[in-house]
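Contents: one structure, followed by commentary.
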Amino acid sequence: MLNIALPKGRLGEQAHELLVRAGYAEGSLSETGRKLVIEYPAAGVRYFLVKPSDVAIYVEHGAADLGIVGKDILEEDRPDVYELLDLKIGRCRMCVAAKRGFVDEGTSVLRVATKFTNIAERYYASLGREVDIIKLNGSVELAPLLGLSEVIVDIVESGKTLRDNDLAVVAEIMPVSARLIANKVVYQFKSAEIMRLRGSLEGVTNDKD
Ligand code: PRP
């Protein structure tokens, strides 16, 4: 039996759809109600529904063998896990954004509001730009509007949140999509099962290029 951590929410639903097509799940995730553990014994898998930012924690500690998680979270937390496959769902971009028309003159310390403090720190360190990172937990787009920061580092998917708040992308840091990850120890002794699942998933992600 493979134990797989799935992120709750929209990405989890997309991941479940992919797993259905790969033969590792049935129906729709919404039919399972509030259940946090879903088993498909015939397929040899059990899913745990966890907060997206907790997926890699379950996998790193071996509470789950595999997980599906956004590259943004992997880059932010850098867990000690294997990244096995780009699932090509949950595609978006990690960006720097600011009020429309903002130009960084580079004179004073730049205030950066973000949920992704490590990504932001590394990005500005690579530019040699002195910044003051302000950690927020959501609705990050408010920060420049309220004068809490000059810029934000955040996920941009459709761009609607930025547009609706008179913000614009200043720079793209990296593309983001969901990845299949594995616990490093489990990967050794369940390698046949894991590689079979990886292969089936790869087969249904190829048409997304
Ligand atoms: C994410 C992200 C942006 C928005 C981008 O927020 O932080 O706010 O989605 O999507 P868009 O470009 O399609 O508008 P999320 O819904 O995860 O909420 P939160 O960050 O405010 O918690």
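Rounded to the nearest 500, the 222 nm mean residue ellipticity of the chain from helices alone is -9000 deg cm²/dmol, with -39,500 (n - 2.57) taken per DSSP H run of at least 4 residues. Counting only DSSP beta bridges with both residues in the chain, the antiparallel share comes to about 65 percent.
Projection of the Cα convex hull of region 88-209, averaged over all directions and equal to a quarter of that hull's surface, yields 9.8 nm². Taking amide H positions as modeled 1.01 Å from N, with prolines and chain starts lacking one, the residues under 5 Å from residue 87 and 5 or more places away or on another chain are 178, 179, 180.
Taking other C-beta atoms within 10 angstrom as a stand-in for reagent exposure, 37, 153 fall in the order 37, 153, fewest first. Each eigenvalue of the Cα gyration tensor of region 34-109, multiplied by 5 and square-rooted, gives one semi-axis; in descending order these are 36, 14, 12 Å.
Rg/Rh for region 112-151 (Cα atoms only, Rh after Kirkwood) is 0.97. Divided by 2.2 N^0.38 Å, where N counts the residues, the Cα radius of gyration of the chain comes to 1.13.
Exposure proxy ranking for 51, 115, based on other Cβ atoms within 10 angstrom of each Cβ and starting from the fewest, stands as 51, 115.
Lys pairs in region 15-166, Cα-Cα under 23 Å, at least 8 apart or on separate chains: how many? Lysine pairs, 8 or more places apart or on different chains, close enough: 17.
A short reminder: the numbers here are calculations on the coordinates, not readings from a lab. Because the structure is a prediction, the values reported are computed rather than measured. Glycine gets a Cβ as well: all are built from the backbone with ideal geometry, and neighbour counts include every protein chain shown.
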